[in-house]
Amino acid sequence: MVAVVVHVEPKSAVAEHGRSADSRLEEALGLTRAIGLVVAQSMVVPLAAPKPATLIGSGKVEEIAEIVAERDAGLVIVNAQLSPIQQRNLERAWKAKVLDRTGLILEIFGERASTREGTLQVELAHLRYQKSRLVRSWTHLERQRGGFGFLGGPGESQIEADRRLIQDRISRLEKQLGDVVKTRGLHRAGRSRVPYPVVALVGYTNAGKSTLFNRLTNAQVLAKDMLFATLDPTMRVISLPHGRKIILSDTVGFISDLPTALIAAFRATLEEVLAADVILHVRDVSHPETDAQAQDVLKVLQELGIGEANREHILEVWNKADRLEPLEHAQREASAARRPDCVLVSAVDGSGLDELLDRVEKRLGRSADLYQVTLDGADGKGLAWLHRRCEVISRDDMKDGRMRLDVRMDTDRAGQAKAMFGRAMRKMR
């Protein structure tokens, strides 16, 4: 389908977002192309004061109507939040389908979701959005039909019936996603019995999270130079330099002005981030507005409940170092070296990844110590407990039939182990 893309730029936008109008238009173009639309023309429309009926002024509305007709465009993307009335009026004026920023992101999410959970989340967000758009804009919504009893009674209008059906579907989806949350909780409880800490990748969309995930895990997650290439969470077990195993989790990318409905719908997925022992905030430092993107990510994390108090769990991964000019690369490298919470890497050529894994290991090691436990050869119960509750690094079968194990465990687990094994257990470091 041929589309015209219009970025609406309020006067206060640069101060609020720290971005230029051109870069925000370029992001809107990226979103549009992400679902295979052909862009016939794009433009920035300055906005002094929003108009209740159409958001933008009547002169611009007429100008865009001419462009839409000339280009034979069937769709206009408005990179702003439109009210239902504004969307209806613009569709009438332009004689084309209109999608605002939320609608466009929902379309992308609908195309990308592949798991049952992802599909449910997208449908829920879409229905909540659609419910607010049920205005009397099409003829079939003006019809009256009969009804029975509590289903609406005689004279129920089509729009009221549509709204009620959507609400019924929303309620069913919320129940199904509630079950997903419970299932995820059970999975997390199961993982807590397997002593592997969780390390979650977060970041602005297209920052290179999935490329980094693939590099570290040898997985084949979709990794393209495309906005929202990853929607459904993926997890893999990997080993750190000294043998410690972790669960690495790739998550959905964030974006500026991410609709609240989407954050709510994807909360079940993003709860993996809340439960993570370490959060890797992946940044595209080759992007001219990397700092503004980072602020958008931190804003979403704050909405999820990860505020200043949790910042010690976050490591910044300055990705795409391979795209930096030599001088900028040297400056970024020096800056990262001065900060214990930053690592400069390239997921493409692998530079900096050893340092990243070493930093992750050190972060996780803050709450864990290494112990040596000597067990009788027949102590299967004790051996099973250590494997189930702790991280067994190595095992040495001794000539006298005993087993000597090097085990890593946190303080709480060490207290339980000490009560079980007594003098057979000693701290190594």
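If a residue counts only when it is of a type in the set (Lys, Arg), which helices (runs of 4 or more DSSP H) contained entirely in the stretch 1-113 have at least 2 such residues?
Values: elements: 13-17, 21-33, 58-71, 84-94, 101-112.
The qualifying helices (runs of 4 or more DSSP H) are 21-33, 58-71, 84-94, 101-112.
Condition (residue is in contact with a Pro (Cβ under 9 Å, 6 or more places away or on another chain), surrounded by 15 or more Cβ atoms within 10 Å (Cβ to Cβ) and either closer than 17 Å to Asp257 by Cα or of a type outside the set (Gly, Ala, Ser) (or both)) applied to the stretch 107-128: is it met by at least one residue?
Keep residues of the stretch 107-128 that are in contact with a Pro (Cβ under 9 Å, 6 or more places away or on another chain), which gives 115, 117-118, 125.
Then keep just the ones that are surrounded by 15 or more Cβ atoms within 10 Å (Cβ to Cβ); that gives 117-118, 125.
Subsequent filtering for residues that are either closer than 17 Å to Asp257 by Cα or of a type outside the set (Gly, Ala, Ser) (or both) retains 117, 125.
Looking through the stretch 107-128, at least one residue is in contact with a Pro (Cβ under 9 Å, 6 or more places away or on another chain), surrounded by 15 or more Cβ atoms within 10 Å (Cβ to Cβ) and either closer than 17 Å to Asp257 by Cα or of a type outside the set (Gly, Ala, Ser) (or both).
Just to be sure, is Ser286 at pLDDT 90 or above, polar (S, T, N, Q) and surrounded by 15 or more Cβ atoms within 10 Å (Cβ to Cβ)? Quick ask: steps written out before the conclusion?
Numbers: at pLDDT 90 or above: yes; polar (S, T, N, Q): yes; surrounded by 15 or more Cβ atoms within 10 Å (Cβ to Cβ): yes.
Yes.
Of all residues being surrounded by fewer than 10 Cβ atoms within 10 Å (Cβ to Cβ) and closer than 20 Å to Asp277 by Cβ in the stretch 390-423, which is modelled with the lowest pLDDT? Just the residue, please.
The selected residue is Asp412.
Looking at (1) outside the structural domain of Ser239 (by TED's automatic domain parsing); (2) closer than 30 Å to Leu315 by Cβ, which is the one condition that is false for Trp385?
All conditions pass for Trp385, except number (2).
Restricting attention to the stretch 375-389, which residues are exposed (fewer than 13 other Cβ atoms within 10 Å of the Cβ) and within 21 Å of Tyr196 (Cβ to Cβ)? Give the steps one after another, and end with the answer.
First pass over the stretch 375-389, keeping only residues exposed (fewer than 13 other Cβ atoms within 10 Å of the Cβ): 377-378, 380-381, 384, 388.
Correct list: Ala384, Arg388.
Could you pull out every one of the helices (runs of 4 or more DSSP H) wholly within the stretch 316-429 that has 1 or more residues that are within 31 Å of the chain's Cα centre (by Cα) and within 24 Å of Leu240 (Cα to Cα)?
Values: elements: 326-337, 353-365, 380-389, 411-421.
So the answer is 326-337, 353-365, 380-389.
For (1) more than 24 Å from Thr411 (Cα to Cα); (2) among the charged types (D, E, K, R); (3) in contact with a Ser or Thr (Cβ under 8 Å, 6 or more places away or on another chain), each residue gets a yes or a no:
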residue: Gly305; (1), (2), (3): yes, no, no
residue: Glu328; (1), (2), (3): yes, yes, no
residue: Arg332; (1), (2), (3): yes, yes, no
residue: Val343; (1), (2), (3): yes, no, no
residue: Lys381; (1), (2), (3): no, yes, no
residue: Arg388; (1), (2), (3): no, yes, no
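I'm checking my understanding of the structure. Among residues of the stretch 1-15 that are within 23 Å of Leu106 (Cβ to Cβ) and surrounded by fewer than 21 Cβ atoms within 10 Å (Cβ to Cβ), which one is modelled with the lowest pLDDT?
Ala13
The values are calculated or read from the model by the stated rules, or taken from the named source; none is laboratory data. No experiment lies behind these values; they were computed from the predicted model shown. We place every Cβ from the backbone using ideal geometry, glycine too, and count neighbours over all the protein chains shown.
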